1. Go through (1) assigned to a helix (DSSP H, G or I); (2) more than 23 Å from Leu69 (Cβ to Cβ); (3) in contact (Cβ under 8 Å) with a residue 12 or more places away in the chain one by one and return the number of the condition Tyr155 breaks.
2. Select from region 170-202 the residues that are over 18 Å from Ala56 (Cβ atoms), among the aliphatic types (A, V, I, L, M) and under 12 Å from the mean Cα position of the chain (by Cα) and list them in ascending order.
3. If you go through region 146-169, how many residues are within 13 Å of the chain's Cα centre (by Cα) and among the polar types (S, T, N, Q)?
4. Return the pair list, or none, for Cβ contacts closer than 7 Å from residues in region 132-150 that are crowded, with 18+ Cβ neighbours inside 10 Å to residues that are in a helix (DSSP H, G or I) and among the acidic types (Asp, Glu), at least 6 apart or on different chains.
5. Going by what's in this entry, would Val201 be described as of a type in the set (A, V, I, L, M, F, W, C), more than 16 Å from Val71 (Cβ to Cβ), open to solvent by less than 10 Å² (accessible area, probe 1.4 Å) and not in a helix (DSSP H, G or I)?
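The values are calculated or read from the model by the stated rules, or taken from the named source; none is laboratory data. Everything quoted here is computed from the prediction, not taken from an experiment. Virtual Cβ from ideal backbone geometry, glycine too; neighbours counted across all protein chains shown. These area figures cover heavy atoms from the full protein model, side chains too; ligands, DNA and RNA do not enter into them. Shrake-Rupley method; radii C 1.70, N 1.55, O 1.52, S 1.80 Å.
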Amino acid sequence: MLTSLYVKLLIMRGLANKSLMAFPVALLVAFPALAAVVPGKPGAPLPPATGPLLPAMEANPPEFEARVLAVHNRARAEVGAPPLAWDMRLADAARRWGMELARQGRFEHDNSNKAEPQGENLFMATARAYPVEMMIDVWEAEKTMLDGPKSWFKYFPDAGHYTQMVWRTTQRVGCSVVSNIQFEYLVCRYASPGNVIGEPVW
């Protein structure tokens, strides 16, 4: 069983639509992390790499799109949320950020400004150790931490990946798996972003 240790949580109110920006860093056998991006907030450029760039490549498994949607939409159906559709622009944004993380051996959220606000879930694990369904199942397993759709905020450090997965007003998702010689990264982007302060999950 995967167990987690949350070591830090920073919370900020969004500027335009009260989207929550939060960065719980989870120490796991695999490493998930989450955020909803604040629209219109300029992000700092990437710092220089501290060492040589690692070789990285996109590593989406066969039937990746259908498999990602199946896990997400199963979880959403359980709470009565409408199914997500695949978005190639979100998938491309996820791939680009995954390549940055894999090349530099980093694990953190993309804070750069975007033309469209996006939510983001991250997962990092030993390369080729987990099928994509298991990666997403780690996020879904957080549902046991909730006691209802309106009280999600107090459980956000433990359940924020799951609430983004099933957020009722999120319509689209795009994901990518990128690997280097040691680790594999799953990046999922969501629009509209979830985890909005003052709104219920579903």
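1. Only one criterion is unmet by Tyr155, namely (3).
2. Across region 170-202, the qualifying residues are Val173, Ala191.
3. 2
4. Partner pairs satisfying both residue conditions: Glu142/Asp158.
5. Numbers: of a type in the set (A, V, I, L, M, F, W, C): yes; more than 16 Å from Val71 (Cβ to Cβ): yes; open to solvent by less than 10 Å² (accessible area, probe 1.4 Å): yes; not in a helix (DSSP H, G or I): yes.
Considered against the rule, which asks whether it is of a type in the set (A, V, I, L, M, F, W, C), more than 16 Å from Val71 (Cβ to Cβ), open to solvent by less than 10 Å² (accessible area, probe 1.4 Å) and not in a helix (DSSP H, G or I), Val201 comes out as yes.
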